[in-house]
1. Can you confirm whether Pro163 is open to solvent by less than 60 Å² (accessible area, probe 1.4 Å) and over 20 Å from Asn87 (Cα atoms)?
2. Which numbered condition in (1) hydrophobic (A, V, I, L, M, F, W, C); (2) in a strand (DSSP E or B); (3) in contact with a Gly (Cβ under 8 Å, 6 or more places away or on another chain) is the only one that Ala118 fails?
3. Taking the range 166-180, which residues are buried (at least 17 other Cβ atoms within 10 Å of the Cβ), of a type in the set (Gly, Ala, Ser) and farther than 18 Å from Glu68 by Cα?
4. Can you report the number of residues in the range 104-120 which are touching a Leu at 6+ places or on another chain (Cβ under 7 Å) and open to solvent by 70 Å² or more (accessible area, probe 1.4 Å)?
5. State all residues of the range 120-136 that are under 24 Å from Gly70 (Cα atoms) and not small (Gly, Ala, Ser); if no residue qualifies, say none.
6. Considering only the range 125-144, how many residues are closer than 19 Å to Gly189 by Cβ, among the aliphatic types (A, V, I, L, M) and under 19 Å from the mean Cα position of the chain (by Cα)?
7. Looking at the range 122-160, which of its residues are assigned to a strand (DSSP E or B) and open to solvent by 70 Å² or more (accessible area, probe 1.4 Å)?
8. Out of the range 54-85, which residues are open to solvent by 60 Å² or more (accessible area, probe 1.4 Å) and not hydroxyl-bearing (Ser, Thr, Tyr)?
Amino acid sequence: MTSESRHTTLVHWAKIALPLSALVLLSTLFLFSGKVDPTTAAIYSKVDVTTLAREQRLTAPEFSGVTEDGAALTVQAATAAPDPSGNGASASKIIAKLEEGTGVVTDMSAKTGRIDPAAGQISLSEGVAVQTSSGYRISTERVDMATDRTSVSAPCTVEAKAPFGTLHAGQMQIDATDPKTGSDLVFKGGVKLIYQPQK
């Protein structure tokens, strides 16, 4: 028998033997593998399976839309859970961006909040930070936004750093009165201004 014919025979038998060996190994794995004890698995699990099954929760939800006056609104959160009453959802670690047609951008963030697109309302709470492209940095404990128009309001005390100094006020309001000219940022309710002229 020539070396070429021996090689052909070897390849022929290898095509049969190797797949059979693989099947034997897989069968052995399934036959001798231990059964999983679900009670033991729960002990070592780092995830609270019971809580996940009971709670309806979304991870990294995102809401986006365009207001009637042409502003783009985007809201992202780390987690969100629907309200038992059916009125929107509560969310954590919220980041929101309002981009007006005039180019003015308002960025907002908060630890918690509520998102209710059906009611046209988004509320941010706990450590709310607002920053505008015009140079204002505002901190407060609550901000309410409309989803159908450019409207951002802080009904409680605000502290702001402006390009010309610092502000303390009882309330703040951002409204777009004219889509062509952009929104107006208004502070009211015992406004105190410390003017710091630019050098």
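1. Yes, satisfied.
2. Of the numbered conditions (1) hydrophobic (A, V, I, L, M, F, W, C); (2) in a strand (DSSP E or B); (3) in contact with a Gly (Cβ under 8 Å, 6 or more places away or on another chain), the odd one out for Ala118 is (2).
3. Passing the criteria: only Ala169.
4. Final tally of qualifying residues: 0.
5. Result: Gln121, Ile122, Leu124, Val130, Gln131, Thr132, Tyr136.
6. Counting residues in the range 125-144 that are closer than 19 Å to Gly189 by Cβ, among the aliphatic types (A, V, I, L, M) and under 19 Å from the mean Cα position of the chain (by Cα) gives 3.
7. If the condition is that a residue be assigned to a strand (DSSP E or B) and open to solvent by 70 Å² or more (accessible area, probe 1.4 Å), then Glu126, Gln131, Arg137, Glu141, Arg142, Glu159 are the ones that fit.
8. Residues satisfying the conditions are Arg54, Glu55, Gln56, Arg57, Leu58, Ala60, Glu62, Val66, Glu68, Gln76, Pro82, Pro84.
The values are calculated or read from the model by the stated rules, or taken from the named source; none is laboratory data. A quick note: this is a predicted structure, and the numbers were derived from the prediction, not measured. Cβ coordinates were reconstructed from backbone atoms using ideal geometry, including for glycine residues, and neighbour counts include every protein chain displayed. These accessible areas exclude ligands, DNA and RNA; they are computed on the full protein's heavy atoms, side chains included. Shrake-Rupley method; radii C 1.70, N 1.55, O 1.52, S 1.80 Å.
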